[in-house]
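The values are calculated or read from the model by the stated rules, or taken from the named source; none is laboratory data. Predicted, not measured: the structure shown is a model, and the values here were computed from it. All Cβ positions, glycine included, derive from the backbone under ideal geometry; neighbour counts span all protein chains shown.
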């Protein structure tokens, strides 16, 4: 049953953008406050890694389950509850009397973030039946803006004497009007009425004739794209979560500025690539971005000069910006008749990447050192490039086979 789109979707769209600023901001709060949190609870990097693992795991659970719950309860109810959970988790963190309570606060905070993330993406798909690519790209710019603003603002607040707990409680209070507005704003309900599925057309009835078996069955190339996006998100999250800690010798305002610059670079990279990327082969464009990411990350981690390191982290963010959306775009090109399955698989692979490596970095930090752990992000970026290059070789092989078809016939 088609969803009714509000006659004036601007209010729902603006609310969705505001919510993405909120989840971008909250996602960078603990990384920005990592020094204060460690000192307050006497924790090592391994303890912080455990918090990241809990947050990422519940974020993934919220993202995957939120859409199913929306189909039953409706989007307004679920988004309001998700934002409320997010705020409740933040309040628990800000008032936590012990490390155990601080760990517990990660659960509702992460789950609520995931519900809002997945739910607002679905909202935009319903609001904008045409021009979805542009709408979703602009939506994710607001996430980047929140992530960019958090470390810069939080660093200055803490250095000026504002308690780190007050920052968390203040953000929890800011979530209240967003939750209320979600419950009151007209938007597509998102409920799903079950119906008998229509039979899929036989391959021979497709517009361009039978697809090659490799493209019908979605084998190795899709798995390689999943590996690529998982490795990339793991590397991006590893840099983002541990950059303030990595620059421990610098003042807090300087370290948080570097984190903000990294996310500012991601924002600019997405804005610049939007009108440029379609002028080039998508796979080659993405590989070029990953190559720049590898070079800038190596320099940022190993260069002895702090200003040069910070500048290189900013350039690494600039190169990172378009990689995620470009991998998804290429996946859609390869399997145009399976876009829903491709999008779901690649999103799941990305979430898996965010769960696996960033928390592990805390344990690596206390064993082999944080510099080695940060270089692990470089290895992940190289693995991303390797997977994409293998996809390119597969594509070239398929093109050669297609060119030989007339000769064989």
Hey, could you check region 320-337 for residues that are surrounded by 23 or more Cβ atoms within 10 Å (Cβ to Cβ) and part of a loop (DSSP other than H, G, I, E, B) and say which is modelled with the highest pLDDT?
321
Of the residues that make up region 99-111, is at least one assigned by TED's automatic domain parsing to the domain that holds residue 14, over 21 Å from the mean Cα position of the chain (by Cα), without any contact (Cβ under 8 Å) to a residue 12 or more places away in the chain and surrounded by fewer than 20 Cβ atoms within 10 Å (Cβ to Cβ)?
yes
Go through 153, 115, 162, 169 for me and flag whichever is surrounded by 19 or more Cβ atoms within 10 Å (Cβ to Cβ), at pLDDT 80 or above and outside the structural domain of residue 324 (by TED's automatic domain parsing).
115
Among the residues that make up region 195-215, is at least one of them under 28 Å from the mean Cα position of the chain (by Cα), at pLDDT 70 or above and either assigned by TED's automatic domain parsing to the domain that holds residue 373 or more than 30 Å from residue 298 (Cβ to Cβ) (or both)?
no
Of the criteria (1) over 18 Å from residue 168 (Cα atoms); (2) part of a helix (DSSP H, G or I), which one residue 31 fails:
(1)
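Residues are listed down the side, and each one gets a yes or a no for (1) outside the structural domain of residue 51 (by TED's automatic domain parsing); (2) outside any helix (DSSP H, G or I); (3) modelled with pLDDT of 90 or more; (4) closer than 24 Å to residue 32 by Cβ:
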site: 289; (1), (2), (3), (4): yes, no, yes, no
site: 301; (1), (2), (3), (4): yes, no, yes, yes
site: 307; (1), (2), (3), (4): yes, no, yes, yes
site: 318; (1), (2), (3), (4): yes, no, yes, yes
site: 354; (1), (2), (3), (4): yes, no, no, yes
Can we say residue 293 is more than 16 Å from the chain's Cα centre (by Cα), assigned by TED's automatic domain parsing to the domain that holds residue 379 and in a helix (DSSP H, G or I)?
yes
Please work out which one of (1) at pLDDT 85 or above; (2) surrounded by 24 or more Cβ atoms within 10 Å (Cβ to Cβ); (3) more than 19 Å from the chain's Cα centre (by Cα) is the condition residue 256 fails and give its number.
(1)
Answer yes if at least one residue in region 28-35 is touching a helix residue (DSSP H, G or I) at 6+ places or on another chain (Cβ under 7 Å) and within 19 Å of residue 118 (Cα to Cα), and no otherwise.
yes
